[in-house]
Amino acid sequence: MANNIAFQPMGKMYKLNAATTVQQVTLYSDSPIQQYMLISHEPTGGVGQPVYVRISNSATANVAVPGNGSPQYGVVVPPDTVMVVTGPQATNTSPVYVTFVSEAGTPEAYIVPGEGLS
């Protein structure tokens, strides 16, 4: 359940090294959560690319970059941005699957399971 409190991490931080092909991590949390902090970090000399992220209970539900007339599931995390999103529940025994991709370059992003607002 979402809380109106400052974000509290409730699990390990995962690094998402985005590329132009879809990547996936399996995310567990220390206790039941439904919120995720997404952090996009552009390394020095980077090209300022967004990262597209989808959080799902299905290992086969991939994110895709949307195009004109081609909507896709997921959220876009602009460069150098921190945001909290609500998604499917993760626990220490029931994971969620995070897929991510970029249009170009190799932007870095991080995801932290927890509860609260940024």
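The values are calculated or read from the model by the stated rules, or taken from the named source; none is laboratory data. Note that the structure is predicted; figures quoted are calculated from it, not measured. Cβ sites come from the backbone with ideal geometry, for glycine too, and all protein chains shown count toward neighbours.
Listed values, structure above:
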item: Among the residues listed as 81, 20, the single one being at pLDDT below 95 and touching a Leu at 6+ places or on another chain (Cβ under 8 Å); result: 81
item: Of all residues making up region 42-86, the number that are part of a strand (DSSP E or B) and touching a Lys or Arg at 6+ places or on another chain (Cβ under 9 Å); result: 1
item: Residue 70 vs. criteria farther than 11 Å from residue 35 by Cα and touching a residue at least 24 places away in the same chain (Cβ under 8 Å); result: no
item: Checklist (1) at pLDDT 95 or above; (2) surrounded by 13 or more Cβ atoms within 10 Å (Cβ to Cβ) applied to residue 12, failing item; result: (2)
item: Subset of region 20-61 [more than 15 Å from residue 77 (Cβ to Cβ) and of a type in the set (Gly, Ala, Ser)]; result: 29, 31, 45, 56, 58, 59, 61
item: Positions within region 67-100 being surrounded by 17 or more Cβ atoms within 10 Å (Cβ to Cβ), more than 14 Å from residue 51 (Cα to Cα) and hydroxyl-bearing (Ser, Thr, Tyr), in sequence order; result: 97
item: Which numbered condition residue 74 misses (of (1) over 17 Å from residue 25 (Cβ atoms); (2) touching a strand residue (DSSP E or B) at 6+ places or on another chain (Cβ under 8 Å)); result: (1)
